[in-house]
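I have placed the structure first, in the form of structure tokens, so that the comments after it can refer back to it.
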Amino acid sequence: MNVKIIAHRGANRKAPQNTLPAFRQAIADGADGFETDVHLTADGVPVICHNYTIDKTSDGTGAISSYTLAELKKFDFGAYFSEDFRGTPLPTLDEFLALVAPSDAQIINIELKCPKGRMFELVNKTIQAVRRFGVLDRVIISSFSPAILKMAKDIEPRCKTGFLHPTQSPSICRAVFLEPYTILHSTKADYAHPASITVTKMSVMLEHKMGRKVNVWTVNDEPTIRYLLACGVDGIITDTPDKTRAVVEKIEGKRAAPAMEPAPSV
């Protein structure tokens, strides 16, 4: 397939989001890559979680940044999803990379959540971990924060980056076209990561012309998948990697099927 299927927080419809079971399931479901989110604990350990707090995905409450890793490991990050996952712990970035590094994943998209006053520590420790596990060539550091993307390039010029957009803006034109283009250019990002509702064939063509690839978030329905394939996107970030793959294979299979020879006349 030309388009890459990227599991959003793992296969999060089958297992609790951003946990090792969700990433294992994504591997089993044939995802081409992963999308995940990284925060810093109070004692400076990069951990995997989408929200800034643990309220929605654990049996605890409060900000990740207010807990040490040892304290966070005492909470249950699986039972809210299903009793089958009771006792699932919050993974560290190292634990995540240890799981996915040996896999066939072509894309490891790490979204960095901007911490107050600890941006350099977050970016630097993330890149150190990526180097340590030997996956720099497969990692994309993504963020809504241009400052994080610039810092990632300063620390490791070989690091690929992706700008998440649209950003908040009073103008649709600014939010969809002008601001992302300006930020993508100024940060020297390698990827555009737009929301699906903003994507057009022209916008994808322009990004490709500028040498950037386009990974779109977050897409689960067949009509949108069909539309994005027609636009020529490079990656689809999805909660359902198995179902999205099935749709893409069906569509691309029809495109690749040879034309039928006409029946001989008699």
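The values are calculated or read from the model by the stated rules, or taken from the named source; none is laboratory data. Predicted model, so just to flag it, every value in this text is computed and none were measured. Note that we place each Cβ from the backbone using ideal geometry, even for glycine, and neighbour counts take in every protein chain shown.
Descriptive notes on the structure:
- Residues (surrounded by 20 or more Cβ atoms within 10 Å (Cβ to Cβ), assigned to a loop (DSSP other than H, G, I, E, B) and of a type in the set (S, T, N, Q)) located in the range 206-250: Thr240
- Subset of the range 2-44 that is polar (S, T, N, Q) and over 13 Å from the mean Cα position of the chain (by Cα) - its residue that is surrounded by the most Cβ atoms within 10 Å (Cβ to Cβ): Thr19
- If you go through the range 79-103 and keep only what is free of Cβ contacts under 8 Å to residues at least 12 places away in the same chain and acidic (Asp, Glu), you end up with Glu83, Asp84.
- Taking the range 234-262 as the range and being among the aliphatic types (A, V, I, L, M), at pLDDT 95 or above and out of contact with any Asp or Glu (no Cβ under 9 Å at 6 or more places or on another chain) as the test, the residues that pass are Ile236, Ala246, Val248.
- Residue among Val204, Val219 that alone is touching a residue at least 12 places away in the same chain (Cβ under 8 Å), over 14 Å from the mean Cα position of the chain (by Cα) and over 27 Å from Ile155 (Cα atoms): Val204
- Condition check for Leu69: under 24 Å from the mean Cα position of the chain (by Cα), surrounded by fewer than 20 Cβ atoms within 10 Å (Cβ to Cβ), over 25 Å from Asp104 (Cα atoms) and of a type in the set (A, V, I, L, M, F, W, C): yes
- Filtering the range 24-56 to residues that are over 19 Å from Thr218 (Cα atoms), of a type outside the set (Val, Ile, Thr) and in contact with a strand residue (DSSP E or B) (Cβ under 8 Å, 6 or more places away or on another chain) leaves His39, Leu40, Pro46, Tyr52.
- For Val47, the conditions (1) in contact (Cβ under 8 Å) with a residue 60 or more places away in the chain; (2) in a strand (DSSP E or B) are fulfilled apart from (1).
- Residue in the range 86-96 that is over 22 Å from Arg131 (Cβ atoms), buried (at least 20 other Cβ atoms within 10 Å of the Cβ) and of a type in the set (Phe, Trp, Tyr) present: no
- Scanning the range 9-23 for residues being under 23 Å from Ser145 (Cα atoms) and in contact with a strand residue (DSSP E or B) (Cβ under 7 Å, 6 or more places away or on another chain) gives a total of 3.
- Considering Asp137, Asp154, Asp76, the condition of being of a type in the set (D, E, K, R), more than 19 Å from Pro16 (Cα to Cα) and touching a Lys or Arg at 6+ places or on another chain (Cβ under 9 Å) is satisfied by Asp137 alone.
- Matching residues in the range 134-167 - criterion: being in a strand (DSSP E or B) and under 23 Å from Ala105 (Cβ atoms): Val139, Ile140, Ile141, Ser142, Ser143, Lys160, Thr161, Gly162, Phe163, Leu164
- Of Asp76, Asp59, all but one fail to be loosely packed, with under 15 Cβ neighbours inside 10 Å, assigned to a loop (DSSP other than H, G, I, E, B), touching a Phe, Trp or Tyr at 6+ places or on another chain (Cβ under 9 Å) and free of Cβ contacts under 8 Å to residues at least 60 places away in the same chain; the exception is Asp59.
- When the residues of the range 2-44 are filtered to those that are out of contact with any Pro (no Cβ under 8 Å at 6 or more places or on another chain), aliphatic (A, V, I, L, M) and part of a helix (DSSP H, G or I), the one that is nearest to Ala152 (Cα to Cα) is Ile27.
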